[in-house]
Amino acid sequence: MARHIEQLNTEVLVVGGGVGGTAAALQAARRGVKTLLVSEGAWLGGMLTSAGVAAPDGNELAAWQTGIWGQFLRELQQHPDGLDHGWVSLFTFDPRLGAKTLAAWVHQLPNLTWIAHQSPVAVLTQGRRVLGVRFPDYEIRATLTLDGTELGDLLALGDLPHRWGWEWQGEFNEPSAPVGPNAMTEHYPVQSPTWVFLLRETVGNAATPIAAPTMVGNHRFQSPWERHSQAAFLSYGQLPDRHYMVNWPINGNDYGQDLNRLVGRQGEKQAFLQEAYEYSYAFAHFLQTQHFPHLELATDIFPQPGGLSPAFALHPYYRESRRLRGQVTLTEKAILPQGQVAPLPLHNHQVTSIAIGNYANDHHYPGYDFPLAPKSLQWGGRWTGTPFTIPFGAVLPQTVQGLLPCEKNISVSHIANGSTRLQPLVMNTGQAVGMIAALSIEQNCDPQDLAVREVQEALIGDRWAPAAVIPLFNLTPDHPDWADWQRHYLDHPDAYPESGHCPVDATRACLPLAATPLVYRGQLHKPNEHSYQFSCEPSVPPLDLITVRPEVEQQLQQLRAGTQITVGGRYNPSGNWLIAEAIAL
């Protein structure tokens with residue numbers, strides 16, 4: 001009997017329920033457009049949730065916490081568990097909470113329909129236009145189709161122009177790109193994925209044994225914390241309730257054997273996934289039997305199908321995807337700073353930025369060191385990446401109509417992908433693409449025919465989650481002049497300062513001490529110009545003092561070492577830091 005295929009029609013179809021796809025669907029539907037979101041698994045959120053990386057990197061400063069990314073953080077911060085647990089990120093949370101939050105937002109919107117457990121099998125096209133997508137149980141036709149899959153699957157299924165892997169230095173003249181193939185590039189055509197898992201702490205010797213692995217021995221995991229202590233290894237990804245996320249890059253569970261199988265035949269991909277899972281399982285066995293007998297797999301986290309352990313994420317954490325060949329390709333030079341910020345992207349003297357990011361370029365090739373051009377600075381007592389933007393042309397196909405990318409599959413070089421692939425930026429890029437799709441439906445035009453300023457104005461003025469398109473260190477979304485200065489630099493790009501600081505009084509957005517979780521009294525120390533410490537008692541070693549708020553950073557810069565101050569904020573024992581949200585003398 002032939003399988004029944006249900007026929008559906010919508011204005012916007014988003015394929016993939018990851019970070020970018022979910023944000024795009026939310027934005028399009030919030031704008032009033034009829035939207036269908038189709039996910040492969042049971043959870044929305046991808047890298048943030050179903051891939052288990054509930055410790056996102058990048059866009060951590062208050063000025064970068066805009067759009068749906070900022071809304072997501074504020075929602076999680078209201079939960080009793082909060083966000084301060086590990087030291088690898090300022091935001092660590094239970095992945096179940098992240099998935100629940102995103103699902104609740106989706107269900108609030110009557111014009112947004114979510115279909116789970118469907119993977120695309122074909123892209124429907126007519127000439128150069130994408131008309132929709134066929135799934136095992138559905139054929140969905142849409143005015144616009146958005147590719148939010150983890151590996152850019154629609155680009156391949158539709159035979160659409162795209163890239164996979166390296167570009168050599170001669171193509172884009174990127175300072176960090178290899179001149180040509182070498183042993184590392186042959187072994188790793190793309191960055192290594194990781195199959196994340198969660199451990200939990202038990203009392204005494206009550207831990208459930210992790211069975212011996214079937215694939216690999218423990219010899220592969222020699223000295224995984226050679227640069228850290230065992231305690232720091234655990235607190236790296238500490239989550240609420242003594243759970244630990246294991247996404248460890250140093251002789252850990254990154255897996256990169258024959259990565260081209262990910263874009264090969266289905267059987268080849270499944271073989272890679274099985275090996276990556278078994279490799280990560282072997283790491284879990286190694287950790288328990290060799291070093292942490294009080295830890296066991298956290299078997300109550302993920303709704304795992306197919307007999308895999310529910311302590312393991314629903315799929316690997318993919319750091320790289322097929323990448324669209326767009327009207328503009330974002331390269332390494334466009335993300336590197338001139339001063340403290342990257343130059344704004346311009347086309348015909350008009351700023352074309354639609355999303356902001358700041359992550360320091362980071363690539364994963366286990367066994368190889370790969371130096372990259374620096375793009376970090378000290379700010380607020382800690383190291384952070386320098387900001388850059390995603391240009392409109394990076395989400396517009398060169399020749400195809402009816403399709404937009406909204407995940408790691410935007411038009412970006414392999415080198416620059418190390419900065420653009422992180423969860424916060426992908427979430428806000430997805431939001432921007434969702435807005436582009438909605439405006440195109442409203443105006444009955446192709447995305448390529450939209451005026452970029454209309455997109456920017458819609459993002460800045462969004463009713464649900466206003467999003468920045470201009471990076472400004474000292475201007476947070478709660479500042480009364482935020483939107484005015486966003487528009488000012490869109491109108492006057494030549495005035496955009498290389499410092500990334502606009503001429504406003506950041507203290508106008510100061511939080512009162514009474515609005516902070518805890519208040520501490522002690523002495524300020526300044527080991528160097530951009531790092532701070534805080535001691536409550538002379539006999540106790542000082543804590544690192546950090547902040548993400550520009551008004552607090554401004555105060556810390558102006559205060560002298562030895563000053564007695566009152567700090568309102570939160571203490572993180574994993575990082576041994578005090579996060580200052582307000583300061584008073």
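This model, with +1 at the C-beta of Lys and Arg and -1 at the C-beta of Asp and Glu, gives the chain a dipole about its Cα centre of some 360 debye. Taking 0.36 nm per residue of separation and subtracting the Cα-Cα distance, full extension of the segment from Glu171 to Gln398 would add 80.0 nm.
Working note: Karplus 6.51/-1.76/1.60 with θ = phi - 60° gives segment 329-345 the couplings 10, 6, 10, 4, 4, 7, 9, 7, x, 10, x, 10, 9, 6, x, 5, x Hz, where Gly and Pro are set to x. By DSSP, the beta bridges lying fully in the chain are antiparallel in about 70 percent of cases.
Only the Cβ atoms of Lys and Arg (+1) and of Asp and Glu (-1) were treated as charged; on that basis the dipole of segment 439-579 about its Cα centre amounts to roughly 900 debye. Taking Cβ atoms as reference points and 9 Å as the exclusive limit, the residues near Gln401 contribute a net charge of +1, counting Lys and Arg as +1 and Asp and Glu as -1. Placing unit charges on the Cβ atoms of the charged side chains and taking the dipole of segment 264-323 about its Cα centre, the candidate lying farthest along the positive direction among His291, Ser321, Pro310 is Ser321. Distance from the C-alpha centroid of segment 74-90 to that of segment 30-56: 19 Å, rounded to the whole angstrom.
With a simple spin-label model that places each label point 7 Å from the Cα along the Cα-to-Cβ direction, the separation between Trp464 and Ser229 comes to 4.5 nm. Rounded to the nearest 10 square angstrom, Lys333 shows an accessible area of 110 square angstrom against a 1.4 Å probe. Each residue of segment 515-521 in order: what ³J(HN,Hα) in whole Hz does its phi give by Karplus 6.51 cos²θ - 1.76 cosθ + 1.60, θ = phi - 60°, with x for Gly and Pro? Using θ = phi - 60°, the values come out as 8, 9, x, 9, 10, 10, 10 Hz.
Across segment 1-63, the relative contact order, built from alpha-carbon pairs under 8 Å that are at least six residues apart, equals 30 percent. Scanning residues 5 or more positions from Thr125 or on other chains, those with amide H under 5 Å from its amide H are Leu131, with H placed 1.01 Å from N in the peptide plane.
Our summary gives segment 267-314 a relative contact order of 20 percent, counting only alpha carbon pairs under 8 angstrom and 6 or more residues apart. Here the gap between Ala271 and Ala495, fully extended at 0.36 nm per residue and compared with their Cα-Cα distance, gives a gain of 75.3 nm. Under a 5 Å amide H cut-off, with hydrogens placed 1.01 Å from N, Leu330 pairs with Val412, Ser413 among residues at least 5 apart or on other chains. Between Ala212 and Glu454, the FRET efficiency from the beta-carbon distance, with R0 = 51 Å, is close to 0.30. Above 23 Å, the calculated P(r) of segment 136-229 contains 62 percent of its Cα-Cα pairs.
Between rounded, prolate and oblate, where does segment 367-456 land on the alpha carbon gyration tensor, with a ≥ b ≥ c its root eigenvalues, rounded for a/c under 1.5, else prolate if a/b exceeds b/c? Verdict is prolate for segment 367-456. Here is the size of segment 218-276 from its Cα atoms: Rg then Dmax, 14.9, 42 Å. Straightening the chain between Cys445 and Ala104 buys 119.6 nm, computed as 0.36 nm per residue apart minus the Cα-Cα spacing.
For Asn361, the amide hydrogen comes within under 5 Å of the amide hydrogens of Lys375, counting only partners 5 or more places away or on other chains and with H modelled in the peptide plane. Among rounded, prolate and oblate, which fits segment 1-123 when a ≥ b ≥ c are the square roots of the eigenvalues of its C-alpha gyration tensor, a/c under 1.5 means rounded, and a/b larger than b/c means prolate? Here segment 1-123 falls in the prolate category. Projecting the Cα atoms of His501, Pro471, Leu524 onto the charge dipole of segment 462-540, computed from C-beta unit charges around the Cα centre, puts Leu524 farthest toward the positive end. Placing unit charges on each Cβ (+1 for Lys and Arg, -1 for Asp and Glu) gives segment 149-271 a dipole about its Cα centre, and among Phe221, Asn247, Pro175 the Cα reaching farthest toward its positive end belongs to Phe221. Rounded to the nearest 20, the size of the Cβ-charge dipole of segment 276-354 about its Cα centre is 500 debye, with Lys and Arg at +1 and Asp and Glu at -1.
Working from Cα pairs under 8 Å separated by at least six residues, relative contact order for segment 173-262 is 47 percent. Among the listed options (1) 45, 36, 26; (2) 63, 43, 19; (3) 35, 32, 23, the one matching semi-axes √(5λ) of the Cα gyration tensor in Å as calculated from these coordinates is (3).
Over all pairs of different C-alpha atoms in segment 127-172, the reciprocal of the mean inverse distance, the Kirkwood hydrodynamic radius, equals 12.8 Å. According to the Kirkwood relation over distinct C-alpha pairs, the hydrodynamic radius of segment 179-314 is 15.9 Å. Decide, for segment 270-355, between rounded, prolate and oblate: order the square roots of the alpha carbon gyration tensor eigenvalues as a ≥ b ≥ c, take rounded if a/c falls under 1.5, and otherwise choose prolate if a/b is larger than b/c, else oblate. Because a/c hits 1.5 or more and a/b exceeds b/c, segment 270-355 counts as prolate. Computed from label points 7 Å out along Cα-Cβ, the spacing between Ala373 and Ala483 is 3.6 nm.
Here the Karplus relation 6.51 cos²θ - 1.76 cosθ + 1.60, evaluated at θ = phi - 60°, turns the backbone of segment 367-375 into coupling constants of x, 10, 8, 10, x, 10, 4, x, 8 Hz, with x for every Gly and Pro.
The values are calculated or read from the model by the stated rules, or taken from the named source; none is laboratory data. Everything numeric here is computed off the predicted structure, so don't read it as measured data. Every residue, glycine as well, gets a Cβ built from its backbone with ideal geometry; the counts of neighbours run over all protein chains shown. Areas reflect the complete protein model, heavy atoms only, side chains present, ligands, DNA and RNA absent. Shrake-Rupley method; radii C 1.70, N 1.55, O 1.52, S 1.80 Å.
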